[in-house]
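Here the structure comes first, spelled out in structure tokens, and everything after it is commentary.
The values are calculated or read from the model by the stated rules, or taken from the named source; none is laboratory data. Keep in mind that what you see is a predicted model, and the values were worked out from it rather than measured. Here the Cβ positions follow ideal geometry from the backbone for every residue, glycine too, while neighbour counts run over all protein chains shown. For the accessible areas, the whole protein counts, side chains as well, though only heavy atoms, and no ligand, DNA or RNA atoms are used. Shrake-Rupley method; radii C 1.70, N 1.55, O 1.52, S 1.80 Å.
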Amino acid sequence: MLLFLMRRLMQGLIVMFVISIISFSIQDNLGDPLRELVGQSVSEAEREKLRDEMGLNDPFLTQYTRFMGNALQGDLGDSYFFKAPALDVILAKMPATLELVFAASLIIILVSIPAGVYCAIRPNSWFTRLILGFSILGISVPVFLTAIFSIYLFSIELGWLPSYGRGELVPVIGGWESGLFTQDGLLHLILPAISLASIMLPLFIRLIRSEMSEVLHTEYVKFARAKGLKKARIYFLHALKNTMLPVITVGGVQIGTMVAYTILTETVFQWPGMGFLFLEAVNRVDTPLIVAYLIVVGAIFVVVNTLVDLLYGLINPTVRLARSAQ
Amino acid sequence: MSLLEVEGLRIEFPSRHGTAVAVKGVSFTLEKGEILGLVGESGAGKSTVGNAVIDLLSPPGVVAGGNIKLDGQAISGLSGEAIRRVRGRRIGFIFQDPMTSLNPLLTIETQMVETIMVNLGLDKAAAYKKSIELLASVGIAEPEVRIRQYPHQFSGGMRQRVVIAIALSGDPELIIADEPTTALDVSIQNQILELIRKLCKERDVGCLLVTHDMGVIANVTDRVAVMYMGDLVELGSTEQILCRPEHPYTQSLISAVPRTDIKLHRFPRVEYIEKEQGRHIDVKNHWLGQKEQLSELNAEISDRALLTVKDVNLRFETQSAFLEKNRRYVQASNQVSFEVRAGETFGLVGESGSGKSTIARIIAGLYPPDSGLIEFAGQDITRLTEKQRKPFRRQIQMVFQNPYSSMNARMTVQDIIAEPIRFHQLAESERQINSIVADLLDHVGLGRGAGVKYPHEFSGGQRQRISIARALATRPRFLICDEPTSALDVSVQAQILNLLKDLQEELGLTMLFISHDLPVILQMCDRIGVMKMGTLVEVGDTDRIFSDPHHEYTRHLINMMPRVENLSRSGLDIEASVAAHS
Amino acid sequence: MKKTMKLFIERPIKRPIKRLAGAILAASLAVGAQAATLKMAYDSDPVSLDPHEQLSGATLQLSHLVFDPLVRWDDNLQFEPRLAEKWQRIDDRTMRFTLRKGVKFHSGNGLTSADVQWTFQRLASSPDFKAVFEPFAAVKVIDDYTFDLVTKEAFPLVLNSATYLFPMDSKFYAGLDSTGQEKSLLKKHGDTYASKNASGTGPFIVTEREQGVRVDFQRFAGYWDKQSPGNVDEIVLTPIKEGPTRVAALLSGDVDFIFPVPPNDHERIKRSGNTDLVTLGGTRIISFQLNQERVPAFKDQRVRQAINYAINNDGIVKKIMKGFATPAGQQGPKGYAGYVDDLQPRYDLKKARQLMKEAGYEDGFAITMMAPNNRYVNDARIAQAVASMLSKINIKVDLKTLPKAQYWPEFDERSADMMMIGWHSDTEDSANFTEYLTACADSISGWGQYNSGNYCNEAVDALVKKAGSETDPTVRAQILQDVERTLYEEAAFVPLHWQNLAWGASKNVAAKDVVNVMNFPYLGDLVIKE
């Protein structure tokens, strides 16, 4: 266990190191940060002077060494736009994103499991076809359209839900201000969470359906039937538990991916999270923020994967973590 | 009134391409306390009958005619809920593979207690108590500890005991055991069969034992029903079926069982089914023999061994840990030494986990040993780089137990067989490759047209032929066969083993033949090595090993060997043989 | 690690604003029963609370809320007195201003000439604003309420520049902050006191600010302009990046006032019973430049004219801009000094082909074109339309569109034969266009900095230079009109249209009365009806 976590920590550090090199080396292609910092009538000479001041004219190696030196002390540089440590800025926005991802995951879990199980148990019913038809639709419609359409329907036409932002927040612990504990905050969460969930939902329904169908054909499910067990127990204990093993593995990766997908959702709904922040940072060529975001997301991926492996080991008694780390 | 009456049972599998009739009007009865063997090869419909009794036919199978009565009461055509009450409560079921019939994610306790609660209506505490008793009665030590464990913590035999305990947990009147010992080692197999027999007799429970294995039939059944292609061709007492089979199919089936008393030149075929496929190879004019004349090569080194295995050790880490002292290992190969002479077949025998497959993989270069030496034709091949090993890869080929998992399902058979030819650049043109592959397919009896198909379109026996063709494609000198027929029916086994024998004779192949099946080893091998827990306990000529085993473990294995010919010689003597084993 | 875990929301800088706000809130409650809250959504929020950090629309919008200029533009592009009560030209180089008395900063300090001088000096050090104030020599304090703006040479645009002079509270910004930096420090990229704290004389105080998420304003109870009809006592500004979401927020009533409105949504806002669309002709010219150094053919006036004749400005405005732009034949829009009514777009394909033939390019040639894809309204689609129009005169265009962040470096490199640029004159004056876009490139004076076409006509430069010191408005206008005529005649560049401005507002918000073509709504004067 300890060995497993230590290995993961090492892997995580390597991942983040690689990300930092890659993101650092592409930053020259992102544009000129100075352009976004100054007005149109500022002369080229003036800009050059500022660029020098900010060390942007130094050779790559010098810049990267400086960056690494600071990064080792937990300092990923200051955001040009926010004029604050990039990591602080991102961490301040992280609760918003994590709440959104959490809510979307919840929706995915609550919808995909019953739907997937239903499709597996009743492969020929009309409702199954309806679900699968919808999931094809869901895969093919871009999230941007889903989001805009839901805003027009629920905010404008019906007036039930707010169209943007996070709504009322209450402080929870430390600097975490949450919208999960106010009615207003929850109302604001609904549309973005559904939009975000809609990206992954079809995938999960199909995944659960196919895994479940497979499990339903296994010997132990047949044996469970031969034992005289009731259907509910066979489906929801014997079959579902086994179905969830591969789903958890895939799901973990997908939740990581979802953090990346928040870029789109957050932009549409003006959700003040990391994803939106990142897109803005790209537009503004706020390179320290871009690099820091990529590193943080890399870290999230590593953490999520570690949690998934831990969870997997918890459910699957045949897996010992030490071995799975190899 | 019999316990189970099956009358005119007809089972169909309708599909878009027409209806397949799996069982064509089968009738038999089964009494309380009686064990009825239902025997036949794959596709005979024997398992389908067993499944139909408790309405567990896999879709789209349906009972299209006939009656099934349990204790005089019709149970075919019952509603879902009514048949559920029969399952577990009145009929217990034991499946073939104990590895897959228990849910891997639930403890034994969960799986037993739920069964008892639903079938006997007991509360949790009472169900737990009964579970412990049942586990004890099927011979599981420390049931209070074991019941908390997961299936993977049990060995195969122990798992099958658990499955039997679960099958008995509803106090059923009838047990259907579908190939209950096929997946188990010989010694375990005997214990399990004995257990089933004992429990049936003690509890006066009827048992329908579905199997393809004549040895199993001989050991435990009272009566036998023989099925062939959906028909019940013969029904009689075990003694009558084994010693005086009347139906020609039964006769040829019994004669195809590898004998344990005398060594035959070739395996008897199940003549009733088919004319032997494949044809003899004219080596002199054939590609397989063109490059080097193996027999000549063999003659050169006849005084020496072609393969020498010396003091080979290998251990696997079963639990990794940061600190050396916390790590656990299993010694898969312990100071193993033997030689394989040119042109002979050397058998490695032992139970699962004895390390015989590990040795095969070490020789093939798939695992590097921790220490020791492997010499092939006088050259040290223990530790070679990939490049150095390449010529040896061509000369040493492997045939695996499960041919399907060793083939890429997305490649055609043509490509699968051509792959090693291309890799070793053994042909000059694509056209030549095509003709070689077609020839090989012909020789293994699949026909030249088989190349365009994919592996999943073939049966298990056919796939094994594909893998043999692939192994031969490099014109190997040395063939390692790792349980090549253990998953196959007797008739297919006979074909494949005969094919290997022919090839060996005509090409001068040297073979390392690994099996847990002693009769097969007896028929195939010139010399034998017996392995137990990573150690080679005894090596000797086949005749000597079988007639005069030196090591106690070898004696034990030979004693456990199911013997059909015992019956044909000495009549119905089950009680005596069971007594001798226990 | 612990240090970096501290969350951004907690940053200590915000506290002083809050405390200040508390004190003022009590006072402002007395203002009136008709007080109202304005929720508004822009596409972005200001980078900083420091009005000198960046010369951009968002900064100027903020400046008009939190600060007040000396003078400001009215509806007719005339000057309206604000903190300067009156002014008077003393000589060629000096303009004397009289400050309004009794004006208080948010901190409670009184406004004096010293604050103006302090602000001027700070502006002169700002990389963004120093160009605007380059012609000025000094602010000379006469007394507390009188000062002179002295220019280096005779300069006609003193008042234009004065619209950029928002006096800051020099006492408030004196001394050191908690990190030991000068409170007055002006730094583009760094945490400064002035970027997080503000004290101006404007109608609103920033009470809460989470960058990129929201800015809250409270009306300043001590605001000097008691005549203002404005009744908004609280503003919540939310940046909403996505156009459709912004429109949806307005239509669903989540906000009352939005800018900009994407052309596609104009109809929807007009049709809705609860919202109004307010549009104004804009001042930002969208144009293409023809690089004469990269393409020899562009040196030929006839080819440049042919291109102008080949492009259907009206068609682009109608089809792509949905009528939401004014087709342009020159640089400066109507109302600017150099505007000439006759200089209209000239679409005539026949003529264009004729000119190409005359120039010997009947068979055309191939060029490269670059345009941004997220900078101007429909920029990429406009470029595509222009490219296909040019194919009619056999000019084959290889078009590449880029996000603005990548576009500007390419523009600086002049990496394509035809490049798009939009320009808004910081001084709301015609000369500014030529100085930056069409003057001969001169790295010392900075003229022609955005002239990717390398058009160069010494005569035009001389005229613009002359206008730069001509203080008689009529004579000056004449000169600048001559410039526009010459540029038109020589087809120096390809004008397309002026981007119009559109705001969306709830019916009860009298947005029409406070918006202007410069796009800094005077929200202090905004009335929200019950």
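Just to verify a number: FRET efficiency for B:Arg544 and B:Leu264, C-beta to C-beta distance, R0 = 22 Å, to 0.05? Don't skip to the end; give the middle numbers.
On the way: r = 18 Å, r/R0 = 0.82.
Computed FRET efficiency for B:Arg544 and B:Leu264: 0.75.
Amide H neighbours of B:Ile175 under 5 Å, counting only residues 5+ apart in sequence or on other chains, H built in-plane at 1.01 Å?
Result for B:Ile175 returns B:Gly92, B:Gly206, B:Cys207, B:Leu208.
Modelled label-to-label distance, A:Trp126 and A:Lys230, 7 Å Cα→beta-carbon offset: nm?
Using points 7 Å along Cα→Cβ, the separation is 2.9 nm.
Just to be sure I understand the interface: list residues from the range A:161-176 that lose 50 Å² or more of accessible area between the chain on its own and the complete protein assembly, 1.4 Å probe.
Hits at the 50 Å² cut-off: A:Tyr164, A:Gly175.
Residues of the range B:65-96 losing 40 Å² or more of accessible area relative to the isolated chain, 1.4 Å probe, heavy atoms only?
B:Arg84, B:Arg87, B:Phe95
Under the 0.36 nm per residue contour assumption, what length would be gained going from the current alpha-carbon distance of C:Thr486 and C:Lys183 to full extension?
On the way: separation 303, 0.36 × 303 = 109.08 nm, distance 4.91 nm.
Using 0.36 nm per residue and subtracting the Cα-Cα distance, I get 104.2 nm.
With each label point set 7 Å from Cα along the Cα-Cβ vector, what nm distance links B:Lys129 and B:Asp415?
Simple spin-label model gives 6.4 nm for this pair.
Which number do you get for Rg(Cα) / (2.2 N^0.38 Å) in the range C:145-242?
Expressed relative to 2.2 N^0.38 Å, the Cα Rg reads 1.36.
Enter the accessible area per residue of the protein assembly as shown (Å², integer; probe 1.4 Å; all protein chains in place). Kindly include the intermediate steps, with their values, before the conclusion.
Working: 58760 Å² over 1438 residues.
Here the residues of the protein assembly as shown average 41 Å² of exposed surface.
Please list the radius of gyration and Dmax for chain C, considering alpha-carbon atoms only, with Å as the unit.
Reported Rg and Dmax, both Å: 24.3, 77.
Enter the mean number of other protein chain beta carbons within 10 Å of the beta carbon of each residue in C:110-117, as an integer. Could the numbers behind the result be given before it?
Details: counts 0, 0, 0, 0, 0, 0, 0, 0.
Going residue by residue through C:110-117 and averaging, the value is 0.
Count, for each residue of B:343-354, the Cβ atoms from other chains sitting within 10 Å of its Cβ, then give me the mean as a whole number. Kindly include the intermediate steps, with their values, before the conclusion.
Values: counts 0, 0, 0, 0, 0, 0, 0, 0, 0, 0, 0, 0.
Taking all residues of B:343-354 together, the mean is 0.
Can you tell me the FRET efficiency between B:Lys201 and B:Asn313 if r is taken as the Cβ-Cβ distance and R0 is 35 Å, rounded to the nearest 0.05? Working shown, then result.
Details: r = 47 Å, r/R0 = 1.35.
After rounding to 0.05, the efficiency reads 0.15.
Hydropathy first: keep DSSP H helices in chain B averaging at least 0.0 on Kyte-Doolittle, then drop any whose Cα extent along the axis falls short of 24 Å, and list what survives. List each step's numbers first, then the result.
Details: long enough: B:186-203 (26 Å, -0.19); B:490-507 (25 Å, 0.25).
Length and hydropathy pass: B:490-507.
Along each of the three principal axes of the Cα atoms of chain B, give the extent in whole Å, ordering the values from largest to smallest.
So the extents along the principal axes, rounded to whole Å, are 72, 61, 49.
Normalising by the residue count of the range B:46-140, find the relative contact order in percent from Cα pairs under 8 Å and 6+ residues apart. Each step should come with its number before you reach the end.
Working: 46 pairs, mean separation 16.2, N = 95.
In percent, rounded to a whole number, it is 17.
Excluding ligands and nucleic acids, what accessible area in Å² is computed for B:Lys310 using a 1.4 Å probe, to the nearest 10?
Approximately 110 Å² for this residue.
May I ask for log10 I(q)/I(0) of the range B:121-248 at q = 0.12 Å⁻¹, from a Debye sum over the Cα atoms as equal point scatterers with solvent left out?
-0.53
Please express the Cα-Cα pair-distance distribution P(r) of the range C:277-435 as a list of whole percents, one per 10 Å bin, running from 0 to the bin with the greatest distance.
Final binned percentages: 10, 37, 39, 12, 1.
Under Stokes-Einstein, with the Kirkwood radius over Cα pairs standing in for Rh, what whole-number D in µm²/s applies to the range B:94-172 at 25 °C and 0.890 mPa s?
202 µm²/s
Quick one: which of A:Lys227/B:Lys32; C:Lys318/C:Lys404; C:Lys104/C:Lys183; B:Lys32/B:Lys124 span more than 22 angstrom between C-alpha atoms?
On the way: A:Lys227/B:Lys32 20 Å; C:Lys318/C:Lys404 25 Å; C:Lys104/C:Lys183 20 Å; B:Lys32/B:Lys124 30 Å.
In this structure, C:Lys318/C:Lys404; B:Lys32/B:Lys124 lie more than 22 Å apart at Cα.
Report the percentage of all Cα-Cα pairs in the range A:103-185 whose separation exceeds 17 Å, rounded to a whole percent.
Details: 2275 of 3403 pairs.
In whole percent, the long-distance tail amounts to 67.
Looking only at the range B:187-231, which residues have a backbone nitrogen under 16 Å from a spot 7 Å from the Cα of B:Ala20 in the C-beta direction?
Backbone N within reach: B:228-231.
With contacts defined as alpha carbon pairs under 8 Å and 6 or more residues apart, what's the relative contact order of chain B in percent? All intermediate terms of the calculation are to be shown ahead of the outcome.
Numbers: 1150 pairs, mean separation 87.4, N = 582.
It rounds to 15 percent for chain B.
With a cut-off of 15 Å, note down the residues of the range C:236-269 whose backbone N falls inside the zone around a label point 7 Å from the Cα of C:Lys507 toward its beta carbon.
C:251-253, C:269
Select from C:Gln218, C:Pro372, C:Gln292 the residue farthest towards the positive end of the dipole of chain C; place +1 on Cβ of Lys and Arg, -1 on Cβ of Asp and Glu, and compute about the Cα centre.
Value computed over the given set: C:Gln218.
Ignoring ligands, DNA and RNA, how do C:Glu134, B:Glu483 rank by accessible area with a 1.4 Å probe, largest first?
Details: C:Glu134 105, B:Glu483 15 Å².
Result, largest first: C:Glu134, B:Glu483.
With all protein chains present, how much of the accessible area of the protein assembly as shown (probe radius 1.4 Å) comes from carbon and sulfur, to the nearest whole percent?
Values: 31430 of 58760 Å².
Roughly 53 percent, rounded to a whole number.
Quickly work out the A:Thr318-to-B:Gln331 label distance, labels modelled 7 Å from Cα along the C-beta direction, and quote it in nm with one decimal.
Output for this residue pair reads 2.8 nm.
Checking an interface number: how much accessible area is buried between C and A, summed over both chains, with a 1.4 Å probe, in Å² rounded to 100?
Details: alone 22920 and 18000 Å², together 36130 Å².
About 4800 Å² of accessible surface is lost on pairing.
Based solely on its DSSP helices, what 222 nm [θ] is calculated for the protein assembly as shown when runs of n ≥ 4 H residues each add -39,500 (n - 2.57) and the sum is averaged over all residues, nearest 500 deg cm²/dmol?
On the way: 52 runs with 591 residues, N = 1438.
After summing the helix terms and dividing by residue count, I get -12500 deg cm²/dmol.
Which FRET efficiency value, to the nearest 0.05, do you get for C:Val475 and C:Asn109 by plugging their Cβ-Cβ distance into 1/(1 + (r/R0)^6) with R0 = 41 Å? Don't skip to the end; give the middle numbers.
Values: r = 43 Å, r/R0 = 1.04.
E between C:Val475 and C:Asn109, to the nearest 0.05, is 0.45.
To the nearest 10 Å², what's C:Lys86's accessible area with a 1.4 Å probe?
120 Å²
Using 0.36 nm per residue of separation minus the Cα-Cα distance, give me the extension gain between C:Asp74 and C:Lys86 in nm, one decimal.
Values: separation 12, 0.36 × 12 = 4.32 nm, distance 1.54 nm.
Result for the pair: 2.8 nm of gain on full extension.
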